[in-house]
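Note sheet for the following structure.
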Amino acid sequence: MLKLLTLTVFFGFFSNLVLAQNSLNWPSKPVRVIVAGTGGSATDMVARMFTEPLSKSFGQTFIIDNRAGANGMIATEAAAKAAPDQHTLLVTYAAAHVVNPVLLPKVPYDVRKDFTPVAQIGSGGNLLVVPASMPVKDLSEFIAYVKGKPAGSLSYGSWGNGSGGHLSMEALLQKTGLKMTHVPYKAVTASLTDLGGGLLQAAFAPMATVSPMIQAGRFKAIAVSGPYRVPQLPDVRTMTEQGVPFDLEAYFAFIAPSSMSKEVVSRLNLEINRLLFAPEMQEKIKSLGFSAIPRRTPEEFASRIEKDLQEWGAIVKSSNITVD
């Protein structure tokens, strides 16, 4: 019995040693980085910011594989079905990873079972903007203004059914009891054109897109979604600060198939965070419109994703949002 116990302990130790050695030798070949976006897209830009320095850090090439389409689902499915050899990564974004599974009736993967979070890249939100002529200066005055009009008589725009702009406004409407008519567009710029032309009364929009129009005096920013203020507009308070809790974040993400070992995930997280907090990298990330750059462990990022899945799911369910 003692001999058997000794052998069991020995082989258990040996197995752990082999696993640790395998992780220490990672990567043993080029790493495929599947990107949920076309070449030149924001997701592609983020991926390329990291592939060259990661190649230098780990001594193997990190190769970009662009798989655009279906709001990130094509890339996500490819990563889910990749060979379980620990040499595949996915670079994606929040709307693709946490909104698709709760918005669409069926996706060809399970984000909880098929993936493990590696590292979060940036954190931000969208600006709630109104025409400069609207007599409001903050969220409470906007709520009072809308409530003073016949229900549904005012309209808001977004860049499509189920888009971040659509869901963010639906969250605001749910939390405040407001009634507005949704007008979906194919692009955020089209919605902003009609907002400026008086056909819409409000819209959520990315800071990088709408900032020039705010500076030109065409629009007023009255709130920002997510947990952080926008550094370029420090006086614009978050929705939460103005009494309407909404802390869901927009971000990019490094995600791995669930077959990747915890040791490799940890090494990647440490190195990506090290690179992320280099001054030149922070400037690049903030230039994409992010308000903050959180440093999260894989476990903390996993908790963020789980919270997002639950909260976006509740918004979609309560609003009865459907996408063709």
## Note on the structure
Each label sits 7 Å from Cα toward the beta-carbon; between residue 38 and residue 266 the label points are separated, in nm, by 4.2 nm
### Task
Only Cα pairs under 8 Å and at least 6 apart count here; give the relative contact order of the chain as a rounded whole percent.
25 percent
### Task
Please find the FRET efficiency linking residue 141 to residue 283, where r is the Cβ-Cβ separation and R0 is fixed at 22 Å, and quote it to the nearest 0.05.
0.05
#### Entry: Total formal charge among the other residues, if their Cβ is under 15 angstrom from that of residue 120, Lys/Arg +1 and Asp/Glu -1
-1
### Query
Volume per residue, Å³, of the convex hull around the alpha-carbon atoms of region 126-224?
83 Å³
### Message
Just to confirm a number: summing +1 for Lys and Arg and -1 for Asp and Glu over residues other than residue 236 whose beta-carbon lies under 12 angstrom from that of residue 236, what do you get?
### Response
+1
### Query
Give me the log10 of I(q) over I(0) for the chain at q = 0.10, 0.13, 0.14 Å⁻¹, as the Debye formula computes it from C-alpha points; what are the numbers?
-0.61, -0.95, -1.07
### Per-peptide average of other Cβ atoms within 10 Å, ordering 52-64, 286-298 highest first
286-298, 52-64
### Query
Share of antiparallel DSSP beta bridges in the chain, in percent to the nearest 5?
55 percent
### Message
Ignoring everything except DSSP H segments at least 4 long, calculate the 222 nm mean residue ellipticity for the chain; use -39,500 (n - 2.57) per segment, divide by total residues, nearest 500.
### Response
-13500 deg cm²/dmol
### Query
Tell me, what HN-Hα J-couplings in whole Hz come from the Karplus equation 6.51 cos²θ - 1.76 cosθ + 1.60 at θ = phi - 60° for each residue of region 86-95, using x for Gly and Pro?
6, 10, 10, 10, 10, 10, 9, 9, 4, 4
### Message
Can you tell me what share of the DSSP beta bridges in region 126-224 is antiparallel? A percent to the nearest 5 is fine.
### Response
60 percent
### Task
Please work out the C-alpha center-to-center distance from region 247-324 to region 221-238 and express it in whole Å.
20 Å
### Size of charge dipole - region 222-268 - debye, nearest 20, with Cβ of Lys, Arg +1 and Asp, Glu -1, no other charges
160 debye
### Task
Quick one, could you list the DSSP H helices from the chain stretching 15 Å or more along their long axis (Cα atoms) with average Kyte-Doolittle hydropathy of 0.0 or above?
2-24, 42-58, 262-276
#### Entry: region 186-254 - percent relative contact order, Cα under 8 Å, separation 6 or more
20 percent
### Task
Could you calculate the contour length gain from residue 302 to residue 237, that is, 0.36 nm times the residue separation minus the distance between their Cα atoms, to one decimal place in nm?
20.7 nm
### Query
Counting Lys +1, Arg +1, Asp -1, Glu -1, what net charge surrounds residue 132 among other residues with beta carbon under 9 Å of its beta carbon?
+2
### Message
Checking a compactness column here: for region 177-324, what do you get for Rg(Cα) / (2.2 N^0.38 Å), N being the number of residues?
### Response
1.24
### Task
Consider just the alpha-carbon atoms of region 201-247 and return their Rg together with their Dmax, both in angstrom.
10.5, 30
### Query
Amide H to amide H, which residues 5 or more places from residue 291 or on other chains are under 5 Å from it, using H placed in the peptide plane?
123, 124, 125
## Note on the structure
Taking placed amide H atoms and a strict 5 Å upper bound, the residues 5 or more places from residue 159 or on another chain that come that close are 165, 166, 185
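Laboratory data are not the source of any read-out in this text; all were calculated from the coordinates shown. Since the structure is predicted, the reported quantities are computational estimates derived from the model, not experimental observations. Virtual Cβ from ideal backbone geometry, glycine too; neighbours counted across all protein chains shown.
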